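Single-structure report; data block below.
Every number here is computed from the coordinates shown, using simple stated rules; none is lab data. From a predicted model like this one, the values you see are computed outputs, not experimental measurements. All Cβ positions, glycine included, derive from the backbone under ideal geometry; neighbour counts span all protein chains shown.
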Amino acid sequence: MTERSRVVTPEVAAGAGASASASAERSAERPAERPARPPSVLGAVAGAPTWFRYALLAVGLGVALWLPNGLYPTVAVDIACWALFAVSVDLLLGFTGLLSFGHAAFWGTSAYVTGLVAIHAGAPFPVAVLGGALAAAALAAPIGYLAVRRTGIYFAMVTLAFAQMVYYVANEWRSVTRGENGLQGVPRELAGLDLTDEYYFYYAALPIVLAGLFAAWRIVNSPFGRVLVGIRDNPARARALGYPVHRYKLTVFVLSGFIAGLGGGLFAVGHRFVALDVLHWTTSGKAVIMVVLGGIGTLWGGLLGAAVLVRLEDWLSFSGFDTIGLVTGGIFVLVVLLFRRGIWGSVAALAQRLAAGRRRDS
Amino acid sequence: MTGFLQNTFNGLVSGAFYALLALGLAVIFGMLRVVNFAHGAFYMLGAFGAYVLLAEAGVSFWWALLLMPIGLALFGMLLERAVVHRLGRLDPLYNFLFTFGLTLILQDVVKSRYGVQSSPYATPAELSGSVDLGLFDFPTYRVFILVFAVAVCALVWWLLSHTRVGVVVRAATERPELTRAFGIDVGRWVTPVFGFGVGLAGLAGVLAAPMRAVNPLMGADLIIVVFAVVVIGGLGSIFGSVAAGFGIGLVQSWGEAYAPPIVAQTLVFIVMAAVLLLRPAGLFGREESAA
């Protein structure tokens, strides 16, 4: 392995990097003293009977269709966007074992690109959102290429740092991003329909959200997704079996960036406004909170976490509470300390225990 | 030439803050394998504590410089015993997440009490004015920061290399299992080392109070740059973290003087990208420290 071969092609470089850091990762994953992995909650639903899973899906779809009737449509739109974002983070954290603490870079970049495309090209909003998501994926490629060279806690720090870099660039590049003022007046154009009412916009956006969620579900339940879980649980073994670990991680990172971008683009159209906040590290953190709150490695947990957190923040700001971070941070700390399976994981574990108990009784 | 030297000096001063923060992070990481997200929040608490002590109790800068690091170190030790220790058996990411949540809480507690606007903190009288450094005058306070930070780093280096505690800490950092196998009680030193690292962050905060805007968010953006610094230096290497801290301070200061702002602000991240490409374990890190 020469230094030169590293920069020839991503594949060669990924392979070379893999062998170079093989010993590093082996020692990093060393489970000698502490079980390195959290108890896996993956498969909490996978063990359930098929009819149950279809029933769950039906309930989920029903809730998605009903949502703007039960909540303020604005809040419903936010929940849908954040759900995509949270699921994209879970794809990395729950199914590949990578904590991205910089996903705001993709969510925010897509929000800006979507806004710019919609404003300057007058494109229909699904086209603008798609453009934004593609831009996010394009940004995820170089960031992911560098970040997958490190694992564990380093991966979190590296992604966080690169996201901050994107934030600074957006802050300085005022001619495009309008700096502190933000991008205003993002249009909601779609075949001449009147989507000014949030209620109708929710239903116009829903297919994109469902498509993004379906994509995440497909990724997790594909052979590719199985390899990712293998990499999460034992990178050394995955490599020994001949899987190019770096390339797998990079691929899922880009896909995750794309899904986060779908959410960010819809968020921009939904608010008709893009502020610098979309790129801030607190935004990345919020997505991580949602995933942990809902349950790492469950996909459904991301949706649940997004719904709970968006609803809670809306309620807190509505009641004139100005220290929202105190509440969300407090809840988050409690979840990390006491309920590491999250809402979904805890419920699934409970259901499993009940089911096991019933089997023993009969 | 004078301009260049002045920029260099300013770079070393801001590098001193990076170095102190990176040092605390590295010491904690070495002993506990925990990356303390709340390090920036403790830095903020150091600065805010100094401000509150002066504004509400008339406690001088010098007393704050002594009291705040000790107070925060005790708080850190308490935190280690109560929480960090318990999460230590799990994936290190859980402690990262916990300290992230703690950051949100600490920031908002301070914000709810004192608002988000910056509070002024007067430079202590003994250190106001400027000193003649031959080619140019330089604010006395900045010279003091630089000397003080270098002295602290040197003291830590001396502690690590010449005392029994230092030998244990270094051994535990580099070969935890082997150290335990020799019958050395590593666990005994974990809590004090965590407290020490937190105290260093508080110390940096007090030093920053007269020079930088004291507000609840001052630590958050800074800590992300420090994360980049420790990735560059190699978190497993205490020397590397300090060296990278001063180095990045210099690079940023030169960038601000000679490059457009968009480059100056992103320079540290560009350096990080280059290091990841060429030496993923960090400039001074060993491959093994790639946890």
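Each residue of the stretch B:138-153 in order: what ³J(HN,Hα) in whole Hz does its phi give by Karplus 6.51 cos²θ - 1.76 cosθ + 1.60, θ = phi - 60°, with x for Gly and Pro?
So the Karplus estimates, Gly and Pro as x, are 9, x, 4, 4, 5, 4, 4, 4, 4, 4, 5, 5, 5, 4, 5, 4 Hz.
Name the shape class, rounded, prolate or oblate, that the alpha-carbon gyration tensor gives for the stretch B:7-63, where a ≥ b ≥ c are the square roots of its eigenvalues, rounded holds for a/c under 1.5, and otherwise prolate holds if a/b is larger than b/c and oblate otherwise.
Oblate, because a/c is 1.5 or more while a/b does not exceed b/c.
For the stretch A:252-257, just list the computed ³J(HN,Hα) in residue order, Karplus coefficients 6.51, -1.76 and 1.60, θ = phi - 60°, integers in Hz, with x standing in for Gly and Pro.
Listing the rounded values in order: 5, 5, 5, 4, 5, x Hz.
Rounded if a/c is under 1.5, else prolate if a/b is larger than b/c, else oblate: which is the stretch B:13-219, with a ≥ b ≥ c the root eigenvalues of its Cα gyration tensor? List each step's numbers first, then the result.
Details: a/c = 2.41, a/b = 1.42, b/c = 1.70.
Note, shape of the stretch B:13-219 comes out oblate.
Could you tell me the convex hull volume per residue, in Å³, taken over the Cα atoms of the stretch A:39-349?
Working: hull volume 41.2 nm³, N = 311.
So the per-residue Cα hull volume is 133 Å³.
With contacts defined as alpha carbon pairs under 8 Å and 6 or more residues apart, what's the relative contact order of the stretch B:99-159 in percent?
On the way: 20 pairs, mean separation 10.6, N = 61.
Normalised by residue count, the contact order of the stretch B:99-159 is 17 percent.
Collect residues whose amide H, placed 1.01 Å from N in the peptide plane, falls under 5 Å from the amide H of B:Ser130; neighbours closer than 5 in sequence don't count.
So B:Ser130 has HN proximity to B:Thr140.
How many angstrom lie between the Cα centre of the stretch A:120-138 and the Cα centre of the stretch A:88-118?
Result: 15 Å between the Cα centres.
Would you please give the residues with an amide H less than 5 Å from that of B:Val214, counting only those at least 5 places away or on a separate chain, with H modeled from the backbone geometry?
B:Ser119
Could you check the spin-label model distance between B:Val167 and A:Trp315? Points 7 Å from the Cα along Cα→Cβ, value in nm.
Inter-label distance under the simple model: 5.9 nm.
Bin all alpha-carbon pair distances of the stretch A:107-207 at 5 Å intervals from 0 and give each bin's fraction as a whole percent.
Result returned by the calculation: 2, 12, 17, 19, 16, 12, 11, 6, 3, 1.
Using the Karplus curve 6.51 cos²θ - 1.76 cosθ + 1.60 with θ = phi - 60°, what ³J(HN,Hα) values do you get for each residue of the stretch A:303-310, in whole Hz, with x for Gly and Pro?
Karplus-based 3J(HN,Hα) across the stretch A:303-310 equals 4, 5, x, 5, 4, 5, 5, 4 Hz.
For the stretch A:152-298, what class follows from the C-alpha gyration tensor (a ≥ b ≥ c being the square roots of its eigenvalues): rounded when a/c is under 1.5, otherwise prolate if a/b is larger than b/c, else oblate?
It comes out oblate by the Cα gyration axes.
For B:Phe284, which sequence-distant residues (separation of 5 or more, or a different chain) have an amide H within less than 5 Å of its own amide H, given hydrogens modelled in the peptide plane?
Here B:Gly234 satisfy the definition.
Under a plain spin-label model, where a point goes 7 Å from the Cα along Cα-to-Cβ, how far apart in nm are A:Trp66 and A:Trp51?
Result for the modelled spin labels: 2.1 nm.
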